[in-house]
Amino acid sequence: MSARDLNPGVLGRLRSALSSLRTDDELKPLIDARDEVLGRYRPVFTPEGVARLSAEEFRDFLMFRNNRHWSGLQRLGPRVTQDMGALRRALLDLLDEQIPINQRLNRLLPGGRARVKKLGKACFS
């Protein structure tokens, strides 16, 4: 879908929302942290990085002080990392860009239930 396919009113609202996000004082630190967080975690979430991913490293990512965008995810860490083989396979499925994202998410949430305990919509948002 391109911008041309959107209703002009919808496009205007999206542009307005984006503009307000850029000036929102509460969101500015989150936006500013993006490059630092990506620099730290981009290598972790590659096929090679996932193959070496430890439970501790994944739980560290779930901490707000590290990911700088999502709070409360650290509560999921012990359950999500309980079966690291299943977590690694799920993350590799999520990273497979040869498959459309909706199909990848459906694989991880078959029938709406998380394939890996607690690795659900909250973690994928």
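The values are calculated or read from the model by the stated rules, or taken from the named source; none is laboratory data. Please read all numbers here as calculations on a predicted model, not as lab measurements. Heads up, the Cβs are rebuilt from the backbone with ideal geometry, glycines too, and the neighbour counts pull from every protein chain shown.
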Original post:
Among (1) among the basic types (Lys, Arg); (2) farther than 30 Å from Pro29 by Cβ; (3) buried (at least 16 other Cβ atoms within 10 Å of the Cβ), where does Lys118 come up short?
Top reply: (2)
**OP:** Please list, ordered by first then second residue, the pairs with beta carbon atoms under 9 Å, 6 or more apart or interchain, first in the range 76-94 and exposed (fewer than 15 other Cβ atoms within 10 Å of the Cβ), second modelled with pLDDT of 95 or more and outside any helix (DSSP H, G or I).
**Re:** Met84/Leu53; Met84/Ser54
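One residue is enough: does the range 35-45 have a residue meeting the conditions in contact with a Leu (Cβ under 9 Å, 6 or more places away or on another chain) and either under 26 Å from Glu97 (Cα atoms) or at pLDDT 75 or above (or both)?
Of the residues in the range 35-45, the ones in contact with a Leu (Cβ under 9 Å, 6 or more places away or on another chain) are 44-45.
Narrowing the set further to residues that are either under 26 Å from Glu97 (Cα atoms) or at pLDDT 75 or above (or both) leaves 44-45.
Within the range 35-45 (the criterion being in contact with a Leu (Cβ under 9 Å, 6 or more places away or on another chain) and either under 26 Å from Glu97 (Cα atoms) or at pLDDT 75 or above (or both)), the answer is yes, since at least one residue qualifies.
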